[in-house]
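This report refers to the structure that appears directly beneath it.
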Amino acid sequence: VANGENVDTASDVQSVVDNLPAPLPTGVTITASPKATLVSAIDATYGVDVDANISSSGLLVKVPYHADNNVTLGAFTSASVTVDASKTKNNNSGASLVLQWSDVNLTQGDGYFDAKIVPVSSAYHAKQLDINESGYRAATFLYPGNDSSSIGQLDLKVIPGIPDRNFNVLTNGKYEHQFVYMPVKSDTGRVWLNYNLGAEYTNVNSPDFNPHKKVT
């Protein structure tokens, strides 16, 4: 499998080789696989309806790097990846995505730079999951990992979110813990919930429910 698609023939393999990304500037390394996660869930019983999509503005991805010196990293766009229709809302075929970043000045040492997953044409709407289902990989992108021949792999994953442990538990005859969170990874590598327990943005019964909203 390459870029999320089966590689079955010699011509398929040659196409992958021809589209391998060029190395990064001397002394630059992407130090870990960046993370890209969407929460897409629907559950009529509990009124959950999270329609996750990637619009023309793209899905932000933070890329960790190390640079031996201050250096300019040139713009990059990955090979286009077509998302299987079964992993789209309403089985719409033809959704294609790329991973890209613009020219960016990297500071010596360790840090992060911004990249995006961007639809090639129309927005990508992820298949919605029951809140108790497992997630799935929607697409895989290849990117240059260092100044040599290393190639990194970024998986776009879709999950139904992380429900409160008492999501389906009645308290005094009511469901008082219907919260859905997203995982976020800190600079130390630890994984946390993106909001405090009980935050209004995570309450599926609130008009402000929006687990994707960035903390400001």
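The values are calculated or read from the model by the stated rules, or taken from the named source; none is laboratory data. It should be emphasised that the depicted structure is a prediction, and the values quoted were computed from it without experimental measurement. Please note: Cβ atoms are built from the backbone with ideal geometry, for glycine as well, and neighbour counts cover all protein chains shown. For the accessible areas, the whole protein counts, side chains as well, though only heavy atoms, and no ligand, DNA or RNA atoms are used. Shrake-Rupley method; radii C 1.70, N 1.55, O 1.52, S 1.80 Å.
Arranged from highest to lowest average of other beta-carbon atoms within 10 Å per residue, in what order do the peptides 181-190, 34-43 appear? Spell out each step's value before the answer.
Numbers: 181-190: 12.1, 34-43: 21.3.
Listed from highest to lowest mean packing, they are 34-43, 181-190.
Working note: Cα atoms of the range 86-159, range along each principal axis, descending, whole Å: 45, 29, 21. What does the accessible area per residue of the range 78-133 come to in Å², with a 1.4 Å probe and no ligands, DNA or RNA counted? Counting only protein heavy atoms, the per-residue value for the range 78-133 is 51 Å². Placing a pseudo-label 7 Å from each Cα along the Cα-to-Cβ vector at LYS213 and ARG165 gives an inter-label distance of 2.6 nm. Our estimate of slack between ASN92 and ASN196, defined as 0.36 nm per intervening residue step minus the Cα-Cα distance, is 33.9 nm. Measuring between their Cα centroids, the range 175-216 and the range 41-102 lie 20 Å from each other.
For the chain, the alpha-carbon radius of gyration amounts to 1.13 times the rule-of-thumb value 2.2 N^0.38 Å expected for a compact globular protein.
Surface exposure of the range 145-211, expressed per residue as accessible area with a 1.4 Å probe, stands at 61 Å².
Before rounding to the nearest 500, sum -39500 (n - 2.57) across all DSSP H runs of length at least 4 in the chain and divide by the residue total; then give [θ] at 222 nm in deg cm²/dmol. Please report the intermediate quantities before stating the final value.
Values: 1 runs with 9 residues, N = 216.
That comes out to -1000 deg cm²/dmol.
At 1.4 Å probe size, with the rest of the protein present, what percent of the exposed accessible area of the range 61-182 is carbon and sulfur atoms? Don't skip to the end; give the middle numbers.
Working: 2560 of 6080 Å².
Looking at the range 61-182 in its full context, I get 42 percent from C and S.
Amide H contacts of ILE151 (H built 1.01 Å from N, in plane; Pro and chain starts excluded): GLY145 sit under 5 Å, all sequence-distant by 5 or more or on other chains.
Hey, what did the chain get for relative contact order, percent, Cα under 8 Å, at least 6 apart? Numbers along the way, then the final one.
On the way: 484 pairs, mean separation 47.3, N = 216.
Averaging sequence separation for qualifying contacts and normalising by length gives 22 percent for the chain.
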